[in-house]
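Chemist: Here it is, the structure, as structure tokens.
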Amino acid sequence: MASREANKLALQDGLFGFFTGVDIRGFDGEADRPDKLPDAGSIVLVEVNELEPEVDLNPVTYHKTVVFGIAALADTSATAESLVRGIGAVVVSDRTLGGACEWADVAPLDGQDHETETGSAGHIDMRLAVTVEYSTTNPAE
């Protein structure tokens, strides 16, 4: 059965399987930013937003959409862009995240071009949204 947590773990597993040397954090509920970025950068799950589900009544099925806000943090624009492309590659290579969802997509957060900020430590912060859609009979999943 699909759930928000199953999708979050599937996304995390996909990122760990794709990236080497990248600090991946926030998927355990702690969305703290690293004090020091590794050379390969860091990927942080910064927010999880669940949209209002659509409901079919026979049988009762909840069609849910969850948006995972992800920050790609790096010391250089080139490394940040590489992280963004890698996140996209993880999603595009398996749109069901190993069967955890019916469809996954990746886009700039809030539909805008990659939000790039230079943080207080001088790093690049690019934001993406990974959107997953799944159906469940349990409204709490």
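Just so it is clear, none of the values below were taken in a lab; they were calculated from the coordinates. Because the structure is predicted, anything quoted here is derived from the model rather than measured. Every residue, glycine among them, receives a Cβ derived from its backbone with ideal geometry; neighbour counts consider all protein chains shown.
Chemist: Cut-off 10 angstrom, C-alpha nodes, Gaussian network model of the chain. Which of Ile24, Ile70, Ile87 fluctuates the most?
Modeler: Residue with maximal mean-square fluctuation among Ile24, Ile70, Ile87: Ile24.
Chemist: Among Gly17, Tyr62, Thr137, which residue has its Cα furthest toward the positive end of the charge dipole of the chain, with +1 on Lys/Arg Cβ and -1 on Asp/Glu Cβ?
Modeler: The listed residue farthest towards the positive side: Gly17.
Chemist: On to the next question. With a ≥ b ≥ c the root eigenvalues of the C-alpha gyration tensor of region 16-79, is it rounded (a/c under 1.5), prolate (a/b larger than b/c) or oblate?
Modeler: It comes out prolate by the Cα gyration axes.
Chemist: Moving on. Read through the labelled values (i) 45; (ii) 26; (iii) 19 and report the label of the one computed as percent of Cα pairs over 28 Å apart from the structure.
Modeler: Checked against the structure: label (iii).
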